[in-house]
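Report on one structure; see the data block that follows.
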């Protein structure tokens, strides 16, 4: 009686409970709603007894009561949740005794609330009795759009596949793609591998995404089990259109045995965009494969687009989330893996790779980047990526030394790159950067760039006639930088900042600023 403690406490103890049970056992079908209304919360045992008694008296009456309650608009009453719990339990028990009867009742009560919960009770039961009918019932009642698809696997589906694989496929294809992976796998294993061409054409005949996916999966499973037969079909019996769909999957399967031969065949057979995607998959698949040199495979790629996308994807896979310094494939270090890219000289590819390269943190990887930064390929980098790489290689204790790498940057933006580096350094360490500038005054072009940026910084933090703040600026700013500001004030950039004033006012104002800076 332990489970009845709450009931006993509220209703007068064990004696009251036994009286209630006796009344329930003698109740008529018309009295059952009264027992439900009086049922306290969390009375699981009592609910089971009500279900049992109501089912004995006639489940149709319970269902009719449920419909009448809904028709009167009182389903939101205080005990509606208990009523739904009762009906769920009742439907479960009713289905065990009269599945057809409860299905007929469901059909008549289409507009009732909570029917989806009842359908979820019934669909698996119906699928066990009649797999095709059970799946159609689930589809009809919207369960293919929910996560409730467990009966797409297991014995009912197996029976349907063995009995009529085409009907099984039709029903599986109606389900949401993301929920049918196991079902498609069963269909292929139990029927498709024995009838690969029929399975492939079954998918292609649908002319939709699900059909194409199934055809591809059926072909790959066939190629994995009997590569020679699948390959012969593609090169012989398959139509031109069919063959074009399966060359790439065939390459993927072949690459597991001989990636170099698969790559060569792919470049002979596949058109541009499809070749690019296939090459990318081959290279990524070789990263951790024992006995395969992904770098050598990358070097063998003849297609410029294919090599570019594969190289970028390979770099991203290796360092996209930071590098550990080694892989499972023989424990290559960053230095060895970076050497995979030594042959690449395409400007666009190099620039795309740089974002991944700068994530390399190991010492050997940094050494390779140092060598790269001092090579001819450094000139292939555009301004911002060159700046990013040099920053990555900077020694925090000797930032000035990194400016030597700027000499390897393309001369078109060499001085701009130097200016970018100085400005970033100045923000973090004004004194050290100013000392470096004192010793390395730079070219007229560099000084003009720095003067312009420093004047912008000067005016953005100081009002046009805030003389006191200007004096504080001079006192707190290293002398080499003050000289840059002074040089900039004599350039057009200062006059542009004072636009709206007459030339006479501008000259007078600039003169006053220069006077403050010269004090």
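Only the coordinates and a few stated rules stand behind these numbers; no lab work does. Please read all numbers here as calculations on a predicted model, not as lab measurements. With ideal geometry, Cβ positions are generated from the backbone for all residues, glycine too; neighbour counts draw on all protein chains shown.
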>> Angle check, please: helix 99-108 long axis (alpha carbons) against the longest principal axis of the chain (alpha carbons), in degrees 0 to 90, nearest 10.
In response: 70
> What ranking do 279-285, 383-389 get when scored by the average of other Cβ atoms within 10 Å per residue, highest first?
Replying inline: 279-285, 383-389
> Between residue 376 and residue 476, what FRET efficiency comes out of the Förster formula 1/(1 + (r/R0)^6) with R0 = 35 Å and r the beta carbon distance, rounded to 0.05?
Replying inline: 0.20
>> Along its three principal axes, how long is segment 133-257 when you only count alpha carbons? Whole Å, largest extent first please.
In response: 44, 25, 24
>> Once each part is reduced to its C-alpha centroid, what is the distance from segment 416-464 to segment 337-368 in angstrom?
In response: 30
> Given the Cα atoms of the chain, and with Rh set as the inverse mean 1/r over their pairs in the Kirkwood sense, what is Rg to Rh to two decimals?
Replying inline: 1.23
> Roughly how many Å is it from the Cα centre of segment 154-215 to that of segment 281-311, as a whole number?
Replying inline: 34
> In nm, to one decimal, how far is the modelled label at residue 93 from the one at residue 243, with both set 7 Å along Cα→Cβ?
Replying inline: 6.7
> So how tilted is helix 165-174 from the main axis of the chain? Cα-based, degrees 0 to 90, rounded to 10.
Replying inline: 60
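Before rounding to the nearest 500, sum -39500 (n - 2.57) across all DSSP H runs of length at least 4 in the chain and divide by the residue total; then give [θ] at 222 nm in deg cm²/dmol.
Mean residue ellipticity, 222 nm, calculated: -21000 deg cm²/dmol.
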> Across 10 Å bins from 0, what is the distribution of all Cα-Cα pair distances for segment 254-304, in whole percents?
Replying inline: 27, 62, 11
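Which semi-axis lengths, in whole Å and largest first, follow from the square roots of five times the eigenvalues of the Cα gyration tensor of segment 367-449?
20, 15, 10
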>> With angles folded into 0 to 90 degrees, how steeply does helix 414-428 sit against the dominant principal axis of the chain? Use alpha carbons for both and round to 10.
In response: 70
> Going by a ≥ b ≥ c, the root eigenvalues of the Cα gyration tensor, does segment 376-519 fall in the rounded group (a/c under 1.5), the prolate group (a/b larger than b/c) or the oblate group?
Replying inline: prolate
> What is the calculated FRET efficiency for residue 133 to residue 37, with r their C-beta to C-beta distance and R₀ = 41 Å, to the nearest 0.05?
Replying inline: 0.65
